[in-house]
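**Q** One structure follows; several queries about it will come next.
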Amino acid sequence: MAKSVYVHIPFCKSKCLYCGFFSKPPAQFDTQKLLNAEIEELKNSSFAKPVKTLYIGGGSPASVGSVALCGFLSEITKLTGQPEEFTVEINPADVNELFLRKLFEISVNRISIGVQSFNEDELVFLGRRYTPAQVEQTIKTCKKIGFQNISIDLIFAVPGSNLNTWHQDLLRAVRNDVQHISAYSLTYETNTPLEKIKSLGKIKIVNEELDRLMYERAIWLLGQEGFQQYEISNFAKPGFECRHNLTYWQNDFYIGIGPAACGYIEGLRTENINDIEKYIEQEDKAGEKTEIMPVEKACQTAVLGLRLIRGIDITEYKQKTGFDIFELFKNSIDKNLKLNLLQLNENRLSLTQQALPMADSVLSDFAEPD
Ligand code: SF4
């Protein structure tokens with residue numbers, strides 16, 4: 001039974017240059033109808049109540065307005081019970097103190113802010129709708145209200161950036177005294193305006209070497225400042241790891257509610273339709289189901305588990321998947337151990353420090369059995 005629920009609110013008032021997510025302008029839709037439809041979907045879903053984690057993401061959930069969002073969240077928690085970790089993603093452009101206070105009053109206990117950068121030029125380039133000062137004000141307000149678990153997302157390797165600008169960005173993030181930082185390299189998703197201007201040669205992209213140096217700088221600087229890297233791209237003060245995302249990386253069950261939301265439960269991956277109107281109309285909102293065979297589950301558990309810095313517990317892996325990881329991936333493990341990209345310590349298999357900047361290529365060895 002799933003103990004984690006993800007709810008997708010697919011609205012954003014404008015589209016960021018790099019965005020490959022499913023999100024639409026709220027003004028073009030009856031947002032209340034969508035929220036009602038999501039409550040219906042949740043009512044027909046099975047999960048263990050009270051859930052451990054509830055994550056409201058998007059899109060920009062706050063773009064539907066405070067009254068609609070808070071009313072919706074109250075209905076949701078009537079169904080899920082009070083989650084131990086209750087996260088809402090916010091865009092600093094969509095919230096004010098009153099809005100944040102209402103979220104706090106309905107027991108939201110984790111705020112995830114899509115900051116992306118503290119550099120004004122980068123924010124403009126990325127198509128974000130706020131200034132660094134607004135970000136800092138939002139963080140300050142969250143703290144004043146009483147939120148004690150604040151996460152921010154940052155993007156590095158933005159065209160025009162260098163090691164120094166990224167270092168300054170990290171320092172500013174740290175100075176804001178948040179508990180959790182996610183740091184991702186800018187990706188050029190297909191069919192985004194960013195990809196288009198790249199293919200037209202209109203921007204100078206950050207080269208691989210600088211990208212790697214920026215990533216290593218984040219690991220070093222955040223480590224110095226008391227953040228523990230617990231996943232390839234995620235850093236937390238002790239005790240503030242994102243429990244909801246740990247569900248994904250541990251390949252545990254969760255349900256996904258809303259258009260384009262994905263879930264994983266009892267051997268099935270689910271994916272909801274990525275069309276808001278059709279989703280509202282559909283009687284059965286539970287999306288397409290794909291059966292996951294035991295060996296696929298074993299591969300997915302390995303790929304996801306190796307994203308965690310602590311890696312995979314060999315005994316737990318066997319209990320969870322039914323496979324011996326050394327039999328299933330003998331060649332891949334041997335090869336990567338010899339290359340010093342994997343390490344085996346106290347019954348745990350994990351990426352080495354050296355492997356982190358090229359993690360995707362190591363993980364791809366575990367996408368299929370040897
Ligand atoms: S806020 Fe997020 S989901 Fe919305 S357009 Fe920007 S990147 Fe996409």
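Read-outs throughout are calculated quantities, based only on the coordinates presented, and are distinct from any laboratory measurement. Treat the numbers as computed from the prediction; the structure is a model and nothing was measured. Heads up, the Cβs are rebuilt from the backbone with ideal geometry, glycines too, and the neighbour counts pull from every protein chain shown.
**Q** Go through Ile113, Ser199, Gln137 and say which Cα lies farthest out towards the positive end of the charge dipole of the stretch 4-248; charges sit on Cβ, +1 for Lys and Arg, -1 for Asp and Glu.
**A** So the residue furthest toward the plus end is Gln137.
**Q** Just want the ordering: Tyr184, Tyr215, from fewest to most Cβ atoms lying within 10 Å of their own Cβ.
**A** Final ranking by Cβ density, sparse to dense: Tyr184, Tyr215.
**Q** Can you list the aspartates and glutamates whose alpha carbon is less than 13 Å from that of Lys278, not counting same-chain residues fewer than 8 positions off?
**A** Straight-line reach from Lys278, under 13 Å: Asp30, Glu38.
**Q** In addition: Order these peptides, 12-20, 189-197, 109-117, by their mean beta-carbon neighbour count within 10 angstrom, highest first.
**A** 109-117, 12-20, 189-197
**Q** While we're here: When the Karplus curve 6.51 cos²θ - 1.76 cosθ + 1.60 is applied with θ = phi - 60°, which whole-Hz ³J(HN,Hα) does each residue of the stretch 318-324 get, with x for Gly and Pro?
**A** 5, 4, 6, 9, x, 10, 8
**Q** Compare the peptides 89-100, 201-212 by average per-residue count of other Cβ atoms within 10 angstrom and give them in order, highest first. Don't skip to the end; give the middle numbers.
**A** Numbers: 89-100: 19.7, 201-212: 12.8.
Ranking, from highest mean packing down: 89-100, 201-212.
**Q** If I model a spin label at Ile203 and Ile314 as a point 7 Å from the Cα along the Cα→Cβ vector, what separation in nanometres do I get?
**A** In this crude label model, Ile203 to Ile314 measures out at 4.5 nm.
**Q** Moving on. Classify the stretch 117-271 from the C-alpha gyration tensor, please: rounded if a/c falls under 1.5, else prolate or oblate depending on whether a/b exceeds b/c.
**A** Cα axes put the stretch 117-271 in the oblate bin.
**Q** Output the peptides 50-60, 344-354 sorted from most to least packed, where packing is the average of other Cβ atoms within 10 Å over each peptide's residues.
**A** Descending packing order for the listed peptides: 50-60, 344-354.
**Q** Using the Karplus curve 6.51 cos²θ - 1.76 cosθ + 1.60 with θ = phi - 60°, work out ³J(HN,Hα) for each residue of the stretch 233-238 in order, rounded to whole Hz, and write x for Gly and Pro.
**A** For the stretch 233-238, the Karplus curve yields 10, 10, 9, 9, 5, x Hz.
**Q** What does the helix-only formula give at 222 nm for the chain: each DSSP H stretch with n ≥ 4 adding -39500 (n - 2.57), the total divided by the residues, and the result rounded to the nearest 500 deg cm²/dmol?
**A** Values: 15 runs with 147 residues, N = 370.
Theoretical 222 nm ellipticity from helices: -11500 deg cm²/dmol.
**Q** Let me ask something else. Pull up all non-local amide H partners of Ile9: gap of 5 or more, or a different chain, and H-to-H distance under 5 Å with H placed in the peptide plane.
**A** Gly57, Gly58
**Q** Further, regarding this structure: With respect to the cross-link table entries Lys3/Lys297; Lys144/Lys237; Lys297/Lys320; Lys3/Lys78; Lys15/Lys237, which display a Cα-Cα separation exceeding 21 Å?
**A** Going by Cα-Cα distance, Lys15/Lys237 fall outside the 21 Å limit.
**Q** Here is a follow-up. Residue by residue through the stretch 12-22, which ³J(HN,Hα) values in whole Hz follow from phi under the Karplus form 6.51 cos²θ - 1.76 cosθ + 1.60 (θ = phi - 60°), with glycine and proline marked x?
**A** 9, 5, 8, 9, 6, 4, 9, 6, x, 7, 7
**Q** How many angstrom separate the Cα center of the stretch 225-303 from the Cα center of the stretch 117-157?
**A** 26 Å
**Q** Compute all pairwise cysteine Cβ distances in the chain, then list the cysteines with no distance under 4.7 Å to another cysteine.
**A** Within the chain, the cysteines lacking a partner Cβ under 4.7 Å are Cys12, Cys70, Cys142, Cys242, Cys262, Cys299.
**Q** Would you grab the residues whose amide H sits under 5 Å from the one on Ser233? Only those 5+ places off in sequence or on another chain, please, with H modelled 1.01 Å from N.
**A** Long-range HN contacts for Ser233: none found.
**Q** Right, something else. Could you pull out every residue, at least 5 positions away or on a different chain, whose amide H is within less than 5 Å of the one on Val115? Hs are placed 1.01 Å off N in the peptide plane, and Pro or chain starts have none.
**A** Here Asp153 satisfy the definition.
**Q** Give me the one-decimal nm value for the distance between modelled label points at Glu288 and Leu339, 7 Å along each residue's Cα-to-Cβ direction.
**A** Output for this residue pair reads 3.2 nm.
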